[in-house]
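The values are calculated or read from the model by the stated rules, or taken from the named source; none is laboratory data. Treat the numbers as computed from the prediction; the structure is a model and nothing was measured. Every residue, glycine among them, receives a Cβ derived from its backbone with ideal geometry; neighbour counts consider all protein chains shown. The accessibility values were calculated without ligands, DNA or RNA, using every heavy atom of the protein model including side chains. Shrake-Rupley method; radii C 1.70, N 1.55, O 1.52, S 1.80 Å.
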Amino acid sequence: MTEFPGKGRRILVVEDDATNRSVLARQLAMVGVDAEMAGNGMEGLERWRGGDFALVLSDLHMPVMDGFGLVRAIRNEEAAIRTPVLAFSADVRIGQAEKARDAGFDEFLAKPMQLDGLRAVLGRWLAAPATPASARAAPGLASQARADGILPCAEFDAGALRELVGDEPAVVLEILAYFDEVATGIRADLLAAAAAGDAAGAGMLAHRLKSSARSVGAAPLGLLCARLEEHAGSVQGAGFAALVDEVVQALDAALVAMRRWRAVGGARGQDMTRYAL
C-alpha cells in the first residue's frame, strides 16, 4: 500500500461541536495526521497565526467567528504561501459549496465523512505542491456536497459510527457516552428555546445536534434536526413547538437505543478527553 502523503504533518481542525471533534480526532489519528483542535473561528485564527499548519479543516457555522470569517481572515493575512482551507459542514443546502468557495475555501466536504474518503481528500491536498497566496483554488475539484436524502431507519445504527472511526469497541463506546452528555444538554436548551419562542436559537441548536447525530449513526434524528433548522424561522406558535417536540422525541429514542447498545457493547472504553477540546 502506498504510504499516506500527509503522515506526520500538522493540520488545524476548527469545529464547535464536541462530538464531531472527538470523531474527527479519532479519524485523523487513524489516518496518521497530527491534528490540533479549535472550538470556534476566532480560536482557530489565533492558532493558525501561531502554528505552521499544512492544512485547515473548518466547520462553517460556529459561534464567536464562523468559518466564513475565519477563511477570509486567513486569506487576508497569509503571506507568500496559500494555506489549503477546506470547509467541512453538515449544511448541504444548494449553493453552500459555491458560497464557501467564494469566501476563500478551497473545497467543500459534507460531514460526516467516512474514513477512506477523508484519507483520500487529505492525501490529495497534502501531496499537492505549495501555491502562491494570491492563487485561487483550482477549478473543477469535485465537491462532496450531496442532497439530504436520509431515509427513516432504526433510531441508532452503530455500524455508521464504526465506518467513521473503526471497529475498536472502546472508542465507539466512549464517543457514544460523550454524545449522550452533550446531546442531553442540547435537549434542555431546545426545550428552553421552545418555551421562550426563540426560533433562531432553536435553529442553531438543531444545526449543532444535526451534524453530531449523523456522525454517531442517529440518522432519523439528524433528518428531523435539519427540518427544524430549515423551518424554525418560518413557523410560529404550535407549529414551532411541534417541530421542537419531534426533535426531542427522536433524541430521546436515539439515546435510549444508544444506552441499550452501550450496556451490552463490551468492556469499559478508554478516556476520550484526548479526543475532545
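What do you reckon, is residue 274 over 17 Å from residue 224 (Cα atoms), at pLDDT 80 or above and either out of contact with any Ser or Thr (no Cβ under 8 Å at 6 or more places or on another chain) or in a helix (DSSP H, G or I) (or both)?
Numbers: over 17 Å from residue 224 (Cα atoms): yes; at pLDDT 80 or above: no; either out of contact with any Ser or Thr (no Cβ under 8 Å at 6 or more places or on another chain) or in a helix (DSSP H, G or I) (or both): yes.
No: the conditions fail for residue 274.
List, please: which pairs have Cβ atoms under 6 Å, are six or more places apart or on different chains, and start with a residue in the range 91-113 that is in contact (Cβ under 8 Å) with a residue 60 or more places away in the chain and end with one that is assigned to a strand (DSSP E or B) and crowded, with 23+ Cβ neighbours inside 10 Å?
Filtered contacts from the range 91-113: 111/88.
A quick yes/no check of all residues on (1) aliphatic (A, V, I, L, M); (2) within 16 Å of residue 106 (Cα to Cα); (3) at pLDDT 95 or above:
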{"site": "8", "(1), (2), (3)": "no, no, no"}
{"site": "12", "(1), (2), (3)": "yes, yes, yes"}
{"site": "19", "(1), (2), (3)": "no, no, no"}
{"site": "24", "(1), (2), (3)": "yes, no, no"}
{"site": "31", "(1), (2), (3)": "yes, no, no"}
{"site": "52", "(1), (2), (3)": "no, no, no"}
{"site": "79", "(1), (2), (3)": "yes, no, no"}
{"site": "83", "(1), (2), (3)": "no, yes, no"}
{"site": "94", "(1), (2), (3)": "yes, no, no"}
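Under 7 Å between Cβ atoms, which residue pairs at least 6 apart in sequence (or on different chains) link something in the range 209-238 that is on the phi > 0 side of the Ramachandran plot with a partner that is open to solvent by less than 40 Å² (accessible area, probe 1.4 Å) and assigned to a loop (DSSP other than H, G, I, E, B)?
Taking only residues 6 or more apart or on different chains, the pairs are 217/156.
Any residue that is open to solvent by less than 10 Å² (accessible area, probe 1.4 Å), touching an Asp or Glu at 6+ places or on another chain (Cβ under 8 Å) and not in a strand (DSSP E or B) - is there at least one of those in the range 78-93?
Scanning the range 78-93 turns up no residue that is open to solvent by less than 10 Å² (accessible area, probe 1.4 Å), touching an Asp or Glu at 6+ places or on another chain (Cβ under 8 Å) and not in a strand (DSSP E or B).
Among the residues of the range 195-213, are any open to solvent by less than 20 Å² (accessible area, probe 1.4 Å) and of a type in the set (D, E, K, R)?
Yes, the range 195-213 has at least one match.
To keep it simple, each residue is scored yes or no on (1) open to solvent by less than 50 Å² (accessible area, probe 1.4 Å); (2) in contact with a helix residue (DSSP H, G or I) (Cβ under 7 Å, 6 or more places away or on another chain); (3) closer than 20 Å to residue 20 by Cα.
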{"site": "216", "(1), (2), (3)": "yes, yes, yes"}
{"site": "223", "(1), (2), (3)": "yes, no, yes"}
{"site": "233", "(1), (2), (3)": "no, yes, no"}
{"site": "237", "(1), (2), (3)": "no, no, no"}
{"site": "245", "(1), (2), (3)": "no, no, no"}
{"site": "251", "(1), (2), (3)": "yes, yes, yes"}
{"site": "254", "(1), (2), (3)": "yes, yes, yes"}
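Provide a single number: the residues in the range 101-132 that are in a helix (DSSP H, G or I) and over 24 Å from residue 22 (Cβ atoms).
So the answer is 5.
Scan the range 50-73 and tell me whether some residue there is within 22 Å of residue 131 (Cα to Cα), surrounded by fewer than 24 Cβ atoms within 10 Å (Cβ to Cβ) and in contact with an Asp or Glu (Cβ under 6 Å, 6 or more places away or on another chain).
Looking through the range 50-73, none of the residues is within 22 Å of residue 131 (Cα to Cα), surrounded by fewer than 24 Cβ atoms within 10 Å (Cβ to Cβ) and in contact with an Asp or Glu (Cβ under 6 Å, 6 or more places away or on another chain).
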